[in-house]
Amino acid sequence: MPTVPVLDTAFFRHWLELAADTVRRESARLTELDSPIGDADHGTNMDRGFTAARLAVLQDPPQSPGGLLVTVGRTLISSVGGASGPLYGTALRRAGRALGDAPEATPPELGEALAAAVAAVRELGGAEPGDKTMVDALLPASQAYTGALADGLGVAAALDAAAGAALAGAEATVPLLARKGRASYLGERSIGHQDPGATSAALLVGCLRDAAEARPGADGPGADGPDAPGADGPEERR
């Protein structure tokens, strides 16, 4: 029986490191996606925010997963321009508060935190599924994670399912008409472009999956069996 990855503070610090590196690597692509339907600054803003969040956690290390997410969220609110800072910051603060002060989270508690983050984004931005926003990646990710746990899969496999759902959700924004945010001002001209917020959301969920797979004894793809959902190898990911 494979051991599950421990969802402790070290796990979430690893997620933050992966997220900061990934956002920096994908910054130009995020900005390119933002250029035709936004302010052409999403990648730059996200890079600045996650760089600041990594420094904040390094300077004053949180002692719990919840505390770390609250710190990251607070830092994003203060350092990321546009709508992304408040949306991501509020989402992560709400997720952190859902986890509380416990030294580690259980897989179901992580699901509750993901759901709390999605609810925060929907409340703050007023977005619904299909509005061509980050909700189109985050909501399917949350639902896929919870569904995978309910089907008996382990946390790493559930996060792999969440990452796949988030990526599919982001890609599915291409034909949508934007109904919220800066892109909504363009009307039908917003059709045909992938939403940058949904794309960055998918990247962050993917980093959760990668953090889980990197933990010793992770019950990731393959551990639940070769036919488990989300068991595709890295070569099949984008």
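Among 96-109, 71-84, what's the highest-first ranking by average C-beta atoms within 10 angstrom per residue?
Values: 96-109: 17.3, 71-84: 20.8.
Result, highest mean Cβ count within 10 Å first: 71-84, 96-109.
For the set VAL155, VAL174, solvent exposure ranked by accessible area (probe 1.4 Å, protein chains only) runs largest to smallest as VAL174, VAL155.
For the chain, calculate the relative contact order in percent as a whole number, restricting contacts to Cα pairs under 8 Å that are 6 or more residues apart. Please list the in-between numbers first.
Numbers: 463 pairs, mean separation 53.0, N = 238.
In percent, rounded to a whole number, it is 22.
Per-residue accessible area (protein heavy atoms, 1.4 Å probe) orders ASP160, ASP41 as ASP41, ASP160, starting from the largest.
Helix-only estimate, please: 222 nm mean residue ellipticity of the chain, summing -39500 (n - 2.57) across DSSP H runs of length 4 or more and dividing by its residues, to the nearest 500. Can you show the working numbers first?
On the way: 9 runs with 145 residues, N = 238.
Calculated from helices alone, the mean residue ellipticity at 222 nm is -20000 deg cm²/dmol.
Counting protein heavy atoms only, the chain has 54 percent of its accessible area on carbon and sulfur, 1.4 angstrom probe. The listed residues GLU26, GLU128, GLU188 rank as GLU188, GLU128, GLU26 when sorted by accessible area, largest first, using a 1.4 Å probe. Using the average count of surrounding beta-carbon atoms within 10 Å as a protection proxy, the listed peptides 119-125, 193-199, 14-20 rank, highest first, as 193-199, 14-20, 119-125. Once R0 is set to 22 Å, what does the formula 1/(1 + (r/R0)^6) return for the Cβ-Cβ distance between GLU17 and VAL174, expressed as a FRET efficiency to the nearest 0.05? E(calc), rounded to 0.05, equals 0.15. Accessible area per residue for segment 1-104, computed on protein heavy atoms with a 1.4 Å probe, is 46 Å².
The values are calculated or read from the model by the stated rules, or taken from the named source; none is laboratory data. Only a predicted model underlies this, so the values are computations on that prediction, with no experimental measurement involved. Cβ atoms come from the backbone with ideal geometry, glycine included; neighbour counts cover every protein chain shown. What goes into the accessible areas is simple: the full protein's heavy atoms, side chains included, and nothing from ligands, DNA or RNA. Shrake-Rupley method; radii C 1.70, N 1.55, O 1.52, S 1.80 Å.
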